[in-house]
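Peer 1: This is the structure, below, for whatever I ask next.
Since every read-out is calculated from the coordinates, none of them should be taken as a lab result. In this text, all values refer to a predicted model and were calculated from it rather than measured experimentally. Counting neighbours? That spans all protein chains shown, and the Cβs are built from the backbone with ideal geometry, glycine included.
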Amino acid sequence: MTDSTEPARDERAEPPVEPPAGAAGSAGSAGSATEAGSGSSPGPGRRRSGRPGRPLVVLEGVNKHFGDLHVLRDIDLVIHEGEVVVVIGPSGSGKSTLCRTINRLETIESGSISVDGKPLPEEGKALAKLRAEVGMVFQSFNLFAHKTILDNVTLGPVKVRGAGKEQARTRAQELLERVGVAHQAGKYPAQLSGGQQQRVAIARSLAMDPKVMLFDEPTSALDPEMITEVLDVMISLADAGMTMVVVTHEMGFARRAADRVVFMSDGEIVEQAAPEEFFTNPRSARAKDFLGKILTH
Ligand SMILES: Nc1ncnc2c1ncn2[C@@H]1O[C@H](COP(=O)(O)OP(=O)(O)O)[C@@H](O)[C@H]1O
Ligand SMILES: [Mg+2]
């Protein structure tokens, strides 16, 4: 599967800093994930098995203000291992803030958040480690403009995870293949389409071996014809058992990949349900109103 004719790697040949033995074949968690599309059974704790995995991200009584604005109101939310949760709701309802509190890009005023049983660290090395464990993909791809695609994906593992350079490059190349942009490895972000850049951003997050991936409107900045290629990568991640929180208004994605839809409005979780149930039978007036607006577009 490795595309060894791909020119970027040859052009950038550097003496290996690590013995290549051991690096090859140690694809880590990505190895099993790659095969998931070809009919293998979903990972442990995977949705639709009827058995949720263990609680991985737990928010209890979370409150957050921006000045007078109460943006998160008593948020209780448990994301189980292997679960895919789509967060939906009107603009300004607090969806991005919710994501940002989970990897502590925003602090909270009360309540608690834990990831894999540990409360969010305040600062320092522990915080850097948390950020690695909680991958985040933004609407604007946020790649390093002056670094190649391959460097964008190897930087984190080398700097934060302490991976060897050669090992990190091998893994990065595998991940770029997985998201379908391996042949672009030597280019710079501006030379790629938006859809390709977003897939690189996903590969970059995956390179850190996150326990959970947060996606904040990952397709909102994309031209329509590029949305599907990004959603397809996300669906394959979901099918491979990745724990995911996805802010999106893409109903097709929610129906296909989500275990649960969480509807937010005015900083509150107003209701949550399985996608089919939520879309066909929303209970609250706010959800009905919101769905009426987006579905009639
Ligand atoms: N850094 C900030 N400072 C002040 N207000 C903010 C900040 N970030 C978000 N807000 C406000 O908080 C509310 C929730 O924002 P956000 O979480 O981005 O909502 P959503 O992602 O659902 O559109 C909005 O009213 C927004 O204007
Ligand atoms: Mg937002």
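Peer 1: Cross-link partners among lysines for Lys118, C-alpha distance below 29 Å, same-chain residues fewer than 8 apart left out?
Peer 2: Lys64, Lys95, Lys129, Lys159, Lys211
Peer 1: I'd like to compare 275-281, 117-123: which one has the highest average count of other Cβ atoms within 10 Å, and what's the full order after that?
Peer 2: Values: 275-281: 15.1, 117-123: 11.6.
Top of the packing list down: 275-281, 117-123.
Peer 1: Only counting other Cβ atoms within 10 Å, I'd like Met242, Met251 sorted with the fewest neighbours first.
Peer 2: On the way: Met242 24, Met251 18.
Starting with the residue having the fewest Cβ neighbours, the order is Met251, Met242.
Peer 1: What's the local net charge at Gly267, with K and R +1, D and E -1, over the other residues with C-beta under 11 Å away?
Peer 2: Details: positive: Lys64, Arg73, Lys95; negative: Asp74, Asp266, Glu268.
Local charge sum for Gly267: 0.
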